[in-house]
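For reference, the structure is listed below as C-alpha cells.
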Amino acid sequence: MILLIIHMKKITFLSFLLIQTSILSVKALQRPNVIVILTDDQGSVDLNSYGALDLQTPNMDKLVDSGIKFTQFYAAPVCSPTRASLLTGKRPGKTGVTEVVRSRQYQNEGLSSEEYTMAEMFKDSGYSTAIIGKWHLGSSMEKQPTNQGFDYSFGPLDGGFDNFSHSSYYANGANYHDLYLNGKEIYRDGEFFPDLMLEEAKRFLETNKSNPFFLYYALNVPHYPYQGTKEWLDFYNTNGVEYPRNLYAAFLSTMDDNIGGLLSKLETLGLRENTIIVFQSDNGFSNEQRAHGGGGSSGPYRGHKGSLFEGGIRVPAAISWPKVIKQKQTRSQMAVVADWMPTLAELCGISLNKDGLDGKSLTEILKDNQVKSSHDEYCWVYQKQIAVRKGNWKLLINPVIKDSNYRNTLLLESPYFLSNLEIDVSETTNLALEFPKKVDELKAIYNSLKN
C-alpha cells in the first residue's frame, strides 16, 4: 500500500524534469546542493543580525550576512505545523497538521504519506536526501521520514527530548527513549545530541560530496530543556545575563557553534559556493514552564510561541547561495514558510506541479527588493485563534497569550484585535471598533481561505 501511494505521488507531480536554465540561470549540470536549517523556538530577534545585543551568534550572523535576510518572514506558532508547511508548500490546515503532533501512542497523528514532500521532490530529481534532527510529524511507520522521501534519517521522531538520555521530555505518563536511525531505535546514551547531529551531517556531506544532495538539518535547539555547554553558561553568567535568559543564551550559542561546524565542513569540502542554505526558526520563543518561563526575546513584537501575535509567528529567516546571490541583502516583503518548496524547486531547475500549493516562489523577490510580495492575503489558525493579514492590516480573532501560570488567557473582552503593522508593529492598539468594515473585510478573507 505504501509503495502504491508513493508511486501515485510520483505520477501526479512529475518532478524529475530538469530544465537547462532557471530564473537565476542555473545549468542542470551544475545543480546546487540544498541545506534547510530549521531552529527550534528561537525568538524573533535572537541573533545579532536581527538586533540582539546580549548574544554571541557569529556563525548564524555569517550565514545571514552571506545572502538575503527577511524581515517579514512567517511560520506557524508551534513546531509541527511549521514543519508540515515547510515540507509540503501548503498552509498547515491543508496538511491536516494544525497542532503539535503528540507522542507515539497517537499513531494516527502526523503528516499523511499521501502528501508530496520537499524531500520527495528532490529525490525524484536525482538528489540524495537526508533529515538529521527533529522530525515531529508522526511516528507510525508510514509517517516516518524514510517513507516521506528521505533516503537517510537520524534523530527523534517526536518533539522535545533530553539531549543526553535521548528520552522524551514531555510525554503523557512515563518518558520514553526516542532516538532512531532509518526507522530503527538506536542507543547513544550520554552523548550530546547536537554533537551527534553534526557528526552525522559531516558524514552525509562526505558521502555525497560528488552528487547533488538535500539535507534537512532540523535542530532541536534552543527548545527546552536548556542544555548549553558549561563554557557558554559561564560566559553569560560572567557577563551579567540574568536568569532565565542566561540558560537560553548558553544553549543558543551552543547551537551557533554547531551551525559553524556545519558551515566549516562545507567549506573544507569545497561545497559552500554552490550550496543553497535556507535558515529560519520554526516559531517564536517559548515561555512554557519547562523553558523556565522564557529566556528568548520577541524584540518589538508582542507574543511568543503559541500566539498569533507577531512574536509567535514572525521569525528570523534567510537564504544564502554564494555562487548566485549577492551577500548582505535585506528583503522586507512578506513571505511564509510554505514559500521555500516552490522557491527551491525553481532555483534548482525542478519542475513542480504547484496546484494546491499555498507557497509562492520567492525568486523574483530574491532578484529585486522592490518586487511586491506574492501574499497580499494570508491566514493562520491555531486552536481557537485566527489571524488574517491583508497588506499591512492584521486581524486577530480570539487572540491569546500565556499568563504567568502558563495558561492561555484571553487578552480582550472583544474577540477581535485589529492592527496596522505599518504604524503599530508591536500590536499595542486595538483598532477594531474604529474600523469595523476592515474587521468584516478580513473576516471574509478568512472564510474564503480557511482549510
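Computed quantities for the displayed model
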{"quantity": "Cα-centred dipole magnitude for the range 105-148, charges only on beta-carbon of K, R (+1) and D, E (-1), debye, nearest 20", "calculated": "200"}
{"quantity": "Charge tally in the Cβ shell below 10 Å around Thr71, where Lys, Arg are +1 and Asp, Glu are -1, Thr71 excluded", "calculated": "+3"}
{"quantity": "Dipole moment magnitude, nearest 20 debye, the range 67-129 about Cα centre, only Lys, Arg, Asp, Glu C-beta charged", "calculated": "220"}
{"quantity": "Entries of Lys94/Lys360; Lys90/Lys209; Lys326/Lys367; Lys62/Lys372; Lys62/Lys323 with Cα pairs more than 21 Å apart", "calculated": "Lys90/Lys209; Lys62/Lys372"}
{"quantity": "Rounded Å value of the spacing that divides the Cα centres of the range 184-249 and the range 340-398", "calculated": "30"}
{"quantity": "Beta bridges per DSSP with both ends in the chain, % antiparallel, nearest 5", "calculated": "55"}
{"quantity": "The range 190-296 shape via C-alpha gyration tensor axes, a/c threshold 1.5", "calculated": "prolate"}
{"quantity": "Expected 222 nm ellipticity per residue - DSSP helices of 4 or more, -39500 (n - 2.57), all of the chain, to 500", "calculated": "-8000 deg cm²/dmol"}
{"quantity": "Whole-Hz ³J(HN,Hα) from phi, Karplus 6.51 cos²θ - 1.76 cosθ + 1.60, for the range 115-125, glycine and proline x", "calculated": "6, 8, 9, 4, 5, 5, 4, 6, 4, 5, 9"}
{"quantity": "Using θ = phi - 60° and Karplus 6.51 cos²θ - 1.76 cosθ + 1.60, couplings along the range 429-434 (whole Hz; Gly, Pro as x)", "calculated": "10, 8, 9, 4, 6, 7"}
{"quantity": "Residue exposure sequence - Glu346, Glu267 - by fewest surrounding Cβ within 10 Å", "calculated": "Glu267, Glu346"}
{"quantity": "Sorted by Cβ neighbour density within 10 Å, fewest at the top, the residues Ile68, Ile445", "calculated": "Ile445, Ile68"}
{"quantity": "The chain: relative contact order as a whole-number percent, Cα under 8 Å and 6+ apart", "calculated": "23"}
{"quantity": "From the C-alpha gyration tensor of the chain, square roots of 5λ in Å", "calculated": "30, 27, 23"}
{"quantity": "Relative contact order computed over the range 254-367 (Cα-Cα under 8 Å; 6+ residues apart), in percent", "calculated": "20"}
{"quantity": "Relative exposure of Glu185, Glu120, judged by other C-beta atoms within 10 Å (fewest first)", "calculated": "Glu185, Glu120"}
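Any read-out appearing in this document is the output of simple, stated calculations on the displayed coordinates, not a laboratory observation. Only a predicted model underlies this, so the values are computations on that prediction, with no experimental measurement involved. Counting neighbours? That spans all protein chains shown, and the Cβs are built from the backbone with ideal geometry, glycine included.
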